[in-house]
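Notes follow the structure.
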Amino acid sequence: TTSVMHTVLVPVKQDRREIFFQDVIRGLSAKSKYLDSKYFYDAEGDRLFQEIMRCHEYYPTNCEMEILQEQSAAISQTILAHTSRFDIVELGAGDATKSIHLLKELLNTGKDFTYYPVDISANVITQLEQSLPAQLPSLKVNGLNGEYFDMLKEANVLSAKNKVILCMGGNIGNFTPAEARKFCRQLRSCLQPGDLLMIGFDLKKHPQIILDAYNDSAGITRDFNLNLLKRINRELDGNFDITKFGHYPTYDPGTGACKSYLVSLEEQDVRIGEQTIHFDLHETIYMEISQKYDLEAAEQLATLSGFETVGNFFDQKKWFADSMWLC
Ligand code: AVJ
């Protein structure tokens, strides 16, 4: 007999930096230049977003906090009206300062459930597993560090109960309406009849209020956008001169699309690694969409992705909505 040497070809997972590089080059080589807003959040981007949330112009965080503080009893009742055996899965749990109000309320009903916070940041999950028991000693916590859909599948393995998914923070706004439909359909495909999804929508309101929220007078949102160019310099060996780019936020009340751009203030060449990107004078980079909804559009999104709206919870000003969807 001859012994055969087997060479197992393990597909090498492209490392994060390589994927980041390719996404950046693809976006900046396109006819209309763009960058993906998911790359805003490095350590400095996280810090700047925290600062944005403290800007007086940036209303969404306070509105949704008010909803969780003031309406958790009503939210809890809506959950209990549709399921008697459930676990909670929060997508993008962060520091859980909003959801903690709902968790407290649900614990008070005497229901036995586990809270599965999901986050892409390992740091966030470790912090939560330490901080939550101190705040809610009777809460069962099982952190899941990874991508939303992978971790949702994991939660389905760990728990046979109904799932109540929390998707707060208006993160759905970073998708175009078509992308949002795709995301919600994919979410639905991971869920079972009887499962619930609570999802946050930033609502249409006076256009000036929306534009101001993405154009704060202290210039934090400008810095937040420019930080992505700095991140490219840091991580991908780029040489962006950020003084040669301006921030241009827009809001279209017709479509509800709040889009931000960076504008090249002169004709210039920028090097990223071995690549050179040319910018014409006043050429733009499309950075981010924050889509605003009305209740009809939110309800339509529910229907088109296989959910039924069973409740809407608002702040006093009705600037933000957390909608409860049933599978
Ligand atoms: C984290 C997506 C909810 O769109 O309002 C804030 C991000 N960008 N200011 C939003 C953001 C500029 C934020 N979300």
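Across the stretch 120-212, C-alpha contacts under 8 Å between residues 6 or more apart give a mean separation that, scaled by the residue count, equals a relative contact order of 28 percent. Residues considered: Thr221, Thr109, Thr309. Largest GNM mean-square fluctuation over the chain, using C-alpha springs under 10 Å, is found at Thr109. Under 11 Å from the Cβ of Gln50, count the other residues' Cβ atoms, weight Lys and Arg +1, Asp and Glu -1, and hand me the total. That sum, taken over residues with Cβ under 11 Å, equals -2. On the principal axes of its alpha carbon atoms, the stretch 221-265 extends 40, 20, 13 Å, with the longest extent given first. Using bins of 10 Å that start at zero, the share of Cα-Cα pairs per bin across the stretch 133-284 amounts to 9, 25, 25, 26, 13, 3, 0, in whole %. Just the number, please: Stokes-Einstein D of the stretch 64-120 in µm²/s, Kirkwood Rh from C-alpha pairs, 10 °C, 1.306 mPa s. This corresponds to a translational diffusion coefficient of 135 µm²/s. Taken over the stretch 87-207, the ratio of Cα radius of gyration to 2.2 N^0.38 Å equals 1.07.
Just report the Cα centroid separation between the stretch 252-316 and the stretch 190-208, whole Å. Cα centroid of the stretch 252-316 versus Cα centroid of the stretch 190-208: 17 Å apart.
For a straight C-alpha distance cut-off of 20 angstrom, the aspartates and glutamates reachable from Lys153 (same-chain residues fewer than eight places away being disregarded) are Asp87, Glu90, Asp119, Asp195.
Straight Cα distances below 26 angstrom link Lys244 to the lysines Lys31, Lys33, Lys38, Lys230, Lys259, with same-chain residues fewer than 8 positions distant left out. Calculated mean residue ellipticity, 222 nm, the chain: -12500 deg cm²/dmol, from DSSP H runs (n ≥ 4) at -39500 (n - 2.57) each, averaged per residue and rounded to 500.
For the chain, the alpha carbon positions stretch 80, 63, 40 Å along the principal axes, listed from largest to smallest.
Of the candidates Ala298, Ala122, Ala30, which one comes out as most mobile in a Gaussian network treatment of the chain with C-alpha springs shorter than 10 Å? Of Ala298, Ala122, Ala30, the Gaussian network model singles out Ala30 as fluctuating most. Beta bridges assigned by DSSP with both partners in the chain are antiparallel in approximately 65 percent of cases. Taking a sphere under 13 Å around the Cβ of Ala93 and counting the other residues whose Cβ falls inside, with K and R at +1 and D and E at -1, yields a net charge of -3. Of the trypsin sites (Lys or Arg not before Pro) in the stretch 225-327, the ones in a loop by DSSP (not H, G, I, E or B) with at most 14 other beta carbons within 10 Å are Lys317, Lys318.
Pairs from the table (Lys163/Lys204; Lys104/Lys163; Lys98/Lys140; Lys292/Lys317; Lys98/Lys163) lying more than 23 angstrom apart at Cα are Lys163/Lys204.
Look at the alpha carbon pairs under 8 Å that are at least 6 residues apart: their mean separation over the length of the stretch 278-325 gives a relative contact order of 24 percent. Applying D = kT/(6 pi eta Rh) to the stretch 95-151, where Rh is the Kirkwood radius over alpha-carbon pairs, T corresponds to 25 °C and eta to 0.890 mPa s, the Stokes-Einstein value obtained is 209 µm²/s. Within 13 Å, Cβ to Cβ, of Lys161, how many net charges do the neighbouring residues add up to if Lys/Arg are +1 and Asp/Glu are -1? Value of the local net charge: +1.
Computed over the alpha carbons of the stretch 15-72, Rg followed by Dmax gives 16.6, 48 Å.
No lab work stands behind these numbers, since they all come straight from the coordinates. Source: prediction; values computed, not measured. Counting neighbours? That spans all protein chains shown, and the Cβs are built from the backbone with ideal geometry, glycine included.
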